[in-house]
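**Q** Mind having a look at this structure? Questions to follow.
The values are calculated or read from the model by the stated rules, or taken from the named source; none is laboratory data. Note that the structure is a prediction, hence the values are computed from the model and not measured. When we count neighbours, we look across all protein chains shown, and the Cβ atoms used for this are built from the backbone with ideal geometry, even at glycine.
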Amino acid sequence: MTNTSELHDLTVAQLAIRLREREVSAVETAQHFLARAKTHASLGAFLDINEEVTLTQARAADARLAKGTANALEGIPVAHKDIFVTRDFVSTAGSRMLAGYRSPFDATVVAKLAEQGVVTLGKLNCDEFAMGSANENSAFGNVKNPWNLTCTPGGSSGGSAAAVAARLAPAATGTDTGGSIRQPASFCGITGIKPTYGRASRYGMVAFASSLDQAGPMARSAQDCALLLSAMCGPDLDRDSTSLDVPAEDFSLRLNDSIKGLRIGVPLEWWGSGVQTEWFPEMPAQRSEGVDISVQLAIESALKEYEKLGAKLVPISLPRTELSIPVYYIIAPAEASSNLSRFDGVKFGHRAQQYTDLTDMYKKTRAEGFGDEVKRRIMIGAYVLSHGYYDAYYLQAQKIRRMIADDFQQAFKQCDVIAGPVAPTVAWKLGEKSDDPVANYLADIFTLPASLAGLPGMSVPAGFGEGGMPVGLQLIGNYFSEAKLLNMAHRLQQATDFHSRKPPTLAEGL
Ligand code: GLN
C-alpha cells in the first residue's frame, strides 16, 4: 500500500504504476492533491477548483481501473492553465473580461487528456490572455515562485510551473506563444516542452497570437512530459485550421536512445566568452552581455554532461536573434488586436453596466475588462496593422520572421539539436519589472526565435544560479523532433538530479 502522504513526490510515471497496481485509488490521489492545493493556496497558483467534478472524474477512473479497461493516464491528476476552456470549471484566461465565464465545451487538449483517463484538478493562474513573462499581468493576482516566495514563477504559464514545482499537481498544461512554457519551467526548476507549431490543437485555447500559440505539458521529468505530450498531440483538422495532419506519436519510445555522436549546436550569439574560449577557441569573440554568469555556468556544466554522454558540440550562428524581439512584439500584438476584438460585451463575458449607446458600451466594456498590458498590445497591434504603417512594420516583421526560420534551417545543416539558455537570468523579484514592459520583453530573447520559426523547444533543469534559483537549459530541434528533444532531456535527467530537487520553501512533510 502506498503511503498517501508521499503521493505528491511521485512522478506521473511512478503514480501511473501505483494506480494500475491498485496500490492507491484515483479518488485517494485526487483527494490528496486537492488538500495540497488548499494548504498552499497562498502561492496563488489555482484560480478554480471544483472538488465534486474532480472526484466524479476520479471515481470513473477507479471504475475503469477495476474493470481492467484503464487508459494510458488513468487516474493521473492534471491541472490546466486557465487559457484552455473547460466545461466544468470557470475559464478566465486570467482576465477580468472573462471572470466567471463558463465554456459550453472543453478545449481539444483537455478532452484528449480526459480520454486517456486524466482527472482534472482545476484551473491555473496565468498572465491575462497569456501576455507576460512574470504572471504579474493576471487580473487575479500574481503567483509566487516556490523556490523563493518573493520571486516570480515566470509567465505566462506561471501558475502551471508553480503548481508542479510545489507538488500541487504531478503535471500541468501550459501554452507557449513566445516562451510561456519554457521560461516558467526554467524559473521553477521543472521540465516543459512546446511541440512543433500545429501538432497540438489550438481549439478551445483562448487565442493570443494564433500563428504562434502552441500547447504543451509541464511536469517534473522528461519522461512525464513524453507521456502527456503523446496524449495531447494529433490532428484536429475540422476544428483548427492550423492543425497538422500528422498522427500522434508515442514520445516515450526513444527516451533511452543513446546520444553518442549527436551534434549539439551552440549559438555563439547566445553565449558568453567562457564557452567560446574553452570549446571554440578559433571563433571570433561574441557579445555576451546580458546573460547572467550564474546561468552561463549552469548551462556550460549541462553541456559538459552531454559531452560525457558522447555528444559533440558544434558552433553555430543565429545572427538575427536580437531581431526576434521587435519582430515578435509586432506580430504577436498585431494578431492579438485582431483576436481580442471578439471581447465586445456582446458575445462573451463582461459587459459594462452603464452606457449611452453601442459605441459607448464597447468602449466602457473594454476599458473595464482589459488590463494595462492587454490594452498596450491592442494599441500596438492596431497601429502596426493600420494603413500607412502596415508595410513599414507588420510586413517587414513577417519578412524577418521568415529569415529567422531560414537561419535555423542553415544551423540544422551543421547540428542535430540546438542548446542554450532559456532566459538570460534566473527568476527575478516580484515587482522588479512590473512597471517596465520593455524589460519584460527583452528577457524573452532566447525563447522567441524558436516560436517565430514554429520549432519545438523545451526547458530542462540544468542547475541553480544566483540566489539558489533554478536554471533551465533550452533544447531546440527541427520540426517534429520532439522525441529527440525528450530523449536528450531524459538522458541528462539520468545523469543529474536537478529535476527531482525540492524547493526549500516546502517544509518537511508539506
Ligand atoms: N512573454 C511573452 C509575451 O509576453 C510570451 C508569452 C507567451 O508565450 N504566452 O508575449
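**Q** Please verify whether the stretch 314-331 includes one or more residues that are assigned to a loop (DSSP other than H, G, I, E, B), in contact (Cβ under 8 Å) with a residue 12 or more places away in the chain, at positive phi and more than 16 Å from the ligand (Cβ to nearest atom).
**A** no
**Q** Please go through the stretch 365-410 and pick out each residue that is among the hydrophobic types (A, V, I, L, M, F, W, C) and either crowded, with 20+ Cβ neighbours inside 10 Å or touching a helix residue (DSSP H, G or I) at 6+ places or on another chain (Cβ under 6 Å) (or both).
**A** Phe370, Val374, Ile378, Ile380, Ala382, Val384, Leu385, Ala397, Ile400, Ile404, Ala405, Phe408
**Q** State yes or no: is Gly75 in contact with a strand residue (DSSP E or B) (Cβ under 7 Å, 6 or more places away or on another chain), in a loop (DSSP other than H, G, I, E, B) and away from the ligand (no atom under 16 Å from the Cβ)?
**A** On the way: in contact with a strand residue (DSSP E or B) (Cβ under 7 Å, 6 or more places away or on another chain): yes; in a loop (DSSP other than H, G, I, E, B): yes; away from the ligand (no atom under 16 Å from the Cβ): yes.
Answer is yes for this residue.
**Q** Looking at Phe105 and the list (1) over 26 Å from Ile76 (Cα atoms); (2) part of a loop (DSSP other than H, G, I, E, B), which single condition is not satisfied?
**A** So the condition that Phe105 fails would be (1).
**Q** In addition: When you check Phe480 against the structure, is it surrounded by fewer than 21 Cβ atoms within 10 Å (Cβ to Cβ) and of a type in the set (Phe, Trp, Tyr), yes or no?
**A** Here the answer is yes, as Phe480 does meet what is asked.
**Q** Something else about it: Yes or no: Leu506 among the aliphatic types (A, V, I, L, M) and in a loop (DSSP other than H, G, I, E, B)?
**A** Considered against the rule, which asks whether it is among the aliphatic types (A, V, I, L, M) and in a loop (DSSP other than H, G, I, E, B), Leu506 comes out as yes.
**Q** Helices (runs of 4 or more DSSP H) wholly in the stretch 432-496 with at least 2 residues that are in contact (Cβ under 8 Å) with a residue 60 or more places away in the chain, closer than 15 Å to Ile259 by Cα and not basic (Lys, Arg) - which ones? Talk me through it step by step, then tell me what you get.
**A** On the way: elements: 437-442, 448-453, 482-495.
The helices (runs of 4 or more DSSP H) meeting that bar are 482-495.
**Q** What tally of residues in the stretch 371-426 results from selecting those that are part of a loop (DSSP other than H, G, I, E, B), under 23 Å from Ser341 (Cα atoms) and in contact with a Ser or Thr (Cβ under 9 Å, 6 or more places away or on another chain)?
**A** 1
**Q** Going by the conditions given, is Val291 touching a Pro at 6+ places or on another chain (Cβ under 8 Å), modelled with pLDDT of 70 or more and either acidic (Asp, Glu) or not in a loop (DSSP other than H, G, I, E, B) (or both)?
**A** No, not satisfied.
**Q** Among the numbered criteria (1) within 30 Å of Ser301 (Cβ to Cβ); (2) modelled with pLDDT of 95 or more, which single criterion is violated by Gln286?
**A** The failed condition is (2).
**Q** Restricting attention to the stretch 483-500, and to residues there that are surrounded by 16 or more Cβ atoms within 10 Å (Cβ to Cβ) and under 24 Å from Pro146 (Cα atoms), which single residue is farthest from the chain's Cα centre (by Cα)?
**A** Residue satisfying both the conditions and the ranking: Thr496.
**Q** With respect to the numbered conditions (1) touching a His at 6+ places or on another chain (Cβ under 9 Å); (2) buried (at least 24 other Cβ atoms within 10 Å of the Cβ), which one is the sole condition not fulfilled by Arg96?
**A** (2)
**Q** Next question, about the same structure. Only one residue in Ala41, Ala72, Ala63, Ala107 is within 23 Å of Lys194 (Cα to Cα) and surrounded by fewer than 24 Cβ atoms within 10 Å (Cβ to Cβ). Which one?
**A** Matching residue, one of Ala41, Ala72, Ala63, Ala107: Ala72.
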